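Worksheet: the structure to be examined is printed underneath.
Computed from the coordinates by the stated procedures, all read-outs in this text should not be read as laboratory data. All of these numbers come straight from a predicted model, not from anything done at the bench. FYI the Cβ positions are ideal-geometry reconstructions off the backbone, even for glycines, and counts take in every protein chain you see.
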Amino acid sequence: MAEEKERKKKRLNEKERNKLYALTPEDIKLSKLKEMFAYKKDKLPDFNPSDTFRLPKGKFHNKSQVDTTVGRYIFNLHCLTPEIIKHTGYINKTLDKTGMRSLEDRIGNLLLEDKIDHETYIEFINKYQWLGFSMNQFLASTLTSNMLQTPDKVKKKKEELIKNNREELDKGNIEVIDKIEKKLMDDAKKEIEDIPDYEIYASGCRGSYENNYKNSSLIRGAIARNNSDEYYISKSNLVDGMKKEDYPAYSDLVVSGSYMRGVQTAEGGYEGKKLSAVGQTVAQGEKGSDCGTEKTLELEITNHNSDLILYRYIIERGKKVLLTKENIDNYIGKKVKLRSPMYCTNDKICNICAGELYGEDMLDIPDWGLLFYKVGTSIMYESINFSALKISLIA
């Protein structure tokens, strides 16, 4: 057996960097990945995905010198085909759930704008799915007792907080329990973030720290009562087990969850049918059509809403400007005058008020009112989730 139990991340030397640079996309096969990253009985892996090195300017589609990691380099080499990477450049960001969602959106926009074809996009999806699932078997951690058990320091802090706030907790004060939960989660993260299996939560891909870890290893918190607007306060967690006084709360939780899913599904479904009935007459006019309305929506573009208004038209100094990935960042933090179907005066929503997304050059869905049912589906989904949120009051 290797003397070390874990190969710690390090800075690559010149020999290791050259070994990395010698790889080609064709080399990235399961056998090569195992050779590079897998732990063996008598040998530690040659590389850790978190090993760092400096990538010289222009070495691999990077416009400037960057500090990067072995994992990111392998991802770029394998997943970003020449047709894609010439548009995106070297991707040097953390590819957790948020990072991957952002990259998928970016490459999806390349497809919408006809900068890549469907086969290229499908190849990207297949490649990154294969890479993740293939390496998962010898890189991903499983939950250990170190992760599941409440850290000693946090356990003591929990006892102290409960003791100091017992009167308010007995009253079912949800503001107090919310503050306690946040304090415990902040303290626990400092204690467990160096444990390998914490990556299960840090990646955002499977398991939620704010939900799964909190309920399993810290404290369940507030649970709504079925027959009133009051709350139970459960001070236990699932690993330690329910206390006798928690039984009514958990029984309520099961009943409420089933009831709310049934009721909210019906309500959401009904809203969806109403929206479908309204939307069936909504259609977009021919390409280039413009009703000429002078009314616009005044809207501030932010990092949160910018993707939602791509391929829409704004009015700037009396001229129509189409928002695209190339220019949207220029408007972040600014208020713009957005052309909107709300003010369109044509029988069919004109091209300028509707934008280009559903037009013939992109999605080619002129009768996009038929998609209104998706709003109903979202209402149903969010209603169910809101009910679950209310029931368990997940912080």
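Laid out as a table, the results:
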{"quantity": "Sole residue being surrounded by fewer than 17 Cβ atoms within 10 Å (Cβ to Cβ), over 22 Å from the mean Cα position of the chain (by Cα) and among the small types (Gly, Ala, Ser), chosen from Gly241, Gly221", "calculated": "Gly241"}
{"quantity": "Options Lys34, Lys86: the member that is over 22 Å from Thr120 (Cα atoms), in a helix (DSSP H, G or I) and not aliphatic (A, V, I, L, M)", "calculated": "Lys34"}
{"quantity": "Residue check for Gly204: on the phi > 0 side of the Ramachandran plot, more than 29 Å from the chain's Cα centre (by Cα) and assigned to a loop (DSSP other than H, G, I, E, B)", "calculated": "no"}
{"quantity": "All helices (runs of 4 or more DSSP H) inside region 143-190 with 2 or more residues being within 29 Å of Arg206 (Cα to Cα)", "calculated": "145-148, 152-164"}
{"quantity": "In region 298-322, the residues that are in contact (Cβ under 8 Å) with a residue 24 or more places away in the chain and surrounded by 15 or more Cβ atoms within 10 Å (Cβ to Cβ)", "calculated": "Leu299, Ile301, Ser306, Ile309, Leu310, Tyr311, Arg312, Tyr313, Ile314, Ile315"}
{"quantity": "Qualifying residues in region 353-369 (those that are within 11 Å of Gly285 (Cβ to Cβ) and surrounded by 22 or more Cβ atoms within 10 Å (Cβ to Cβ)) - the one farthest from the chain's Cα centre (by Cα)", "calculated": "Cys353"}
